[in-house]
Amino acid sequence: MQDIPVLTIDGPSGVGKGSVARIVADKMGWNLLDSGAIYRGFALSSLSRNINLTDEQDLIEHAEKLDLRFESIEGQELLNVYVDGVEVSKELRTEKTAEIASQLAVIGPLRVALLKKQQQFKQSPGLVADGRDMGTVVFPNAPFKVYLTASAQERAQRRLKQLQNSANAGNISQILAEVKKRDERDANRKHSPLTPAKDALIIDTTCLTIDEVITKVMALVEV
Ligand code: C5P
C-alpha cells in the first residue's frame, strides 16, 4: 500500500512557513499541520490552568491531556483555534505566547508527549506540516522536505506585517530582537533543535516573493 505523502516545511520565525504551507496544502488538497499552534496552544492552556511552568512532570501530564481543536472558517485565511473549548485564535498568535511556547519547547519529554498529536495529522490524501522539527523528528521519512530561510531583518519585517492587526504589534527593532532571541533558543536547544533535515531542499526566501517560493515548493511535490 502506498504511504500517505508528507511535505515538511521547517524554518525560523517569520520566514513565511505558515503562508507557504497553507497555500500549498490548498493547491494539493492536502491536510495542514501548524505545529507551532500546538506549542502555542499548549502554552496558553498551561497558563490558564495555572500549571507551574517549572514543574516538568505537571507539564508533561498536562500535554498528554491537551484539548486543542482547529476549525476552518469559509472565507477566513487563518484557522480558529480552541484550547479547552475556548476560542483563543488572537491570543495564540501574539509574540508573548510564542515566547512562552519557545521556553517550554526546550523540554525534551514534553516534546515527546506532543509528538503523537502531531503525527495524527498524517491523513489521506496527504499532509503539509510546518514547524521546526517536522523533517528531522516528527516526519523523518517524509518524501518531500523544505527548509525556508531569510535574513533576520526580513523576517522581522514579515512578522511585523503579520502582527499589524493586533493592538500591541510593537516596532521593528523590538520584533527583530524577539525573533532573534527565539531563533537562538530554538536552534541551540538540546532536543529537536531548529536545523535543516539532511535531505531538505533549502530555499533562501530573502529576495523572493511568496509566489516564487510557492512555485519552487510545488515543483518539488508535483512530480
Ligand atoms: O511556529 P511558531 O512561531 O508558531 O512556533 C512557536 C514556538 O513553538 C517556536 O518558537 C518554537 O520554540 C516552538 N515550536 C517547536 N517545534 C515546532 C513548532 C514550534 O519547538 N515544531
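The values are calculated or read from the model by the stated rules, or taken from the named source; none is laboratory data. Predicted model only: the values in this text are computed from it and were never measured. Cβ atoms come from the backbone with ideal geometry, glycine included; neighbour counts cover every protein chain shown. The area values use the complete protein model at the heavy-atom level, side chains included, leaving out ligands, DNA and RNA. Shrake-Rupley method; radii C 1.70, N 1.55, O 1.52, S 1.80 Å.
Conditions tested, residue by residue: (1) at pLDDT below 95; (2) within 17 Å of the chain's Cα centre (by Cα); (3) under 23 Å from VAL112 (Cα atoms).
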position	(1), (2), (3)
GLY36	no, yes, yes
LEU59	no, no, yes
LYS65	yes, no, yes
LYS96	yes, yes, no
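All conditions in (1) within 13 Å of the ligand (Cβ to nearest atom); (2) of a type outside the set (A, V, I, L, M, F, W, C); (3) open to solvent by less than 60 Å² (accessible area, probe 1.4 Å) hold for ASN80, with the sole exception of (1).
Filter region 90-125 for residues that are surrounded by fewer than 18 Cβ atoms within 10 Å (Cβ to Cβ) and among the small types (Gly, Ala, Ser); which is farthest from the ligand (Cβ to nearest atom)? The qualifying residue farthest from the ligand (Cβ to nearest atom) is SER124. Evaluated against (1) within 15 Å of the chain's Cα centre (by Cα); (2) more than 30 Å from GLY170 (Cα to Cα); (3) not acidic (Asp, Glu), ALA101 falls short on exactly one condition, (2).
Looking only at region 23-52, residues that are out of contact with any strand residue (DSSP E or B) (no Cβ under 7 Å at 6 or more places or on another chain) and open to solvent by less than 10 Å² (accessible area, probe 1.4 Å) come to 3 in all. The single condition among (1) among the charged types (D, E, K, R); (2) touching a helix residue (DSSP H, G or I) at 6+ places or on another chain (Cβ under 9 Å); (3) more than 17 Å from GLY135 (Cβ to Cβ); (4) at pLDDT 95 or above that LYS180 does not satisfy is (4).
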